[in-house]
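Here the structure is laid out as structure tokens; the discussion comes afterwards.
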Amino acid sequence: MEEPDFRLKDLKGAEVSLGDFIGKVVLVDFWATWCGPCRQEMPEFQNIHRAGKDVVVLTLDVDEPIETVAAYVEKEKFTFPVLLAKDTDVVRRYSVAAYPTTFAIDKKGLVAEVLLGGAPDRLQAVIEKARAGAPAPAQDSAPVPAVTSARGPVPPTSAENAEDFYRDAVRQHNSKDYADAIRSLDRALELHPNWLLAIVSRADNQYHAKQYDEAIADFDSVLHLEPANVQATSQKAADARHLEERAEH
């Protein structure tokens, strides 16, 4: 799958395009300063950036003012490129449903792997996949992206582990099949209890499915598991409570 190009501004106001890096492996990471798992990955991105070689790191802050992002980056002394996606459609075009999400893009501009959730210990493995090149689609079939924005119902893959079920849920969410997405996330959480990324995603799907009680319960559990997510999670939980109250009257 070839990812859509983007042109975003960095913290100094310079424009950076994904297309500028054809011929190199690119890690495109969607993140935010309030996201705990995102912050955990940042030191490894800095190590990869310092190593140079054939790998480019592009981190895309999804929704925050430049002042917030710049203060965090300066405090942590990170030097990799940080781009600002706020008030753009790049998150929607990449069908990103949770943070962090990292796309490993090969030297031809094709997605070799998508890493869901904070997993700094797996970044080197996805870099090697991108160096080897995105896998060719099976004969007589179209390539199936790891994250898709298909409009119609999307059949689940043959899920074997928690991440497989999470991937199914992302596809189902993007098809607005919220009930099946919730079921997939239930299975993911059976295999990987207290997986923050899956709990947040399930709460979001419950919110869209108007299951407000369940959404509030999951958002509250996120606040206990990851207090750093309090800003975004509290707002979503408050929205769910408001809609629940309206539905009762």
Elements of type strands (runs of 3 or more DSSP E) in the range 63-169, at least 2 residues being more than 26 Å from Val222 (Cβ to Cβ) and either assigned by TED's automatic domain parsing to the domain that holds Leu11 or at pLDDT below 90 (or both): 101-105, 111-116
task: Please work out if Arg50 is of a type in the set (D, E, K, R), under 22 Å from Asn205 (Cβ atoms) and not in a strand (DSSP E or B).
output: no
message: Being in a helix (DSSP H, G or I), over 19 Å from Gln40 (Cα atoms), modelled with pLDDT under 80 and not acidic (Asp, Glu): is that true of Ala237 here?
response: yes
query: For the range 70-127, which residues satisfy the criterion of being over 15 Å from the mean Cα position of the chain (by Cα) and aromatic (Phe, Trp, Tyr)?
result: Tyr72, Phe78, Phe80
task: Residue by residue through the range 3-19, note down the ones that are out of contact with any Phe, Trp or Tyr (no Cβ under 9 Å at 6 or more places or on another chain) and either surrounded by 14 or more Cβ atoms within 10 Å (Cβ to Cβ) or of a type in the set (Ser, Thr, Tyr) (or both).
output: Leu8, Lys9, Asp10, Leu11
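Collect the residues in the range 1-59 that are among the acidic types (Asp, Glu) and closer than 24 Å to Ala71 by Cα, keeping them in residue-number order.
Asp10, Glu15, Asp29, Glu41, Glu44, listed by residue number.
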- prompt: If you scan the range 2-40, which residues turn out to be charged (D, E, K, R) and either modelled with pLDDT of 90 or more or outside any strand (DSSP E or B) (or both)?
  reply: Glu3, Asp5, Arg7, Lys9, Asp10, Lys12, Glu15, Asp20, Lys24, Asp29, Arg39
- request: Identify all residues within the range 183-198 that are at pLDDT 85 or above and surrounded by 24 or more Cβ atoms within 10 Å (Cβ to Cβ); write none if there are none.
  value: Ser184, Leu185, Ala188
query: What number of residues within the range 35-71 satisfy the criterion of being basic (Lys, Arg), in contact (Cβ under 8 Å) with a residue 12 or more places away in the chain and surrounded by fewer than 16 Cβ atoms within 10 Å (Cβ to Cβ)?
result: 1
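The values are calculated or read from the model by the stated rules, or taken from the named source; none is laboratory data. The shown structure was predicted, so the numbers you read here are calculated from the model rather than taken from an experiment. Backbone-built Cβ (ideal geometry, glycine too); neighbour counts: all protein chains shown.
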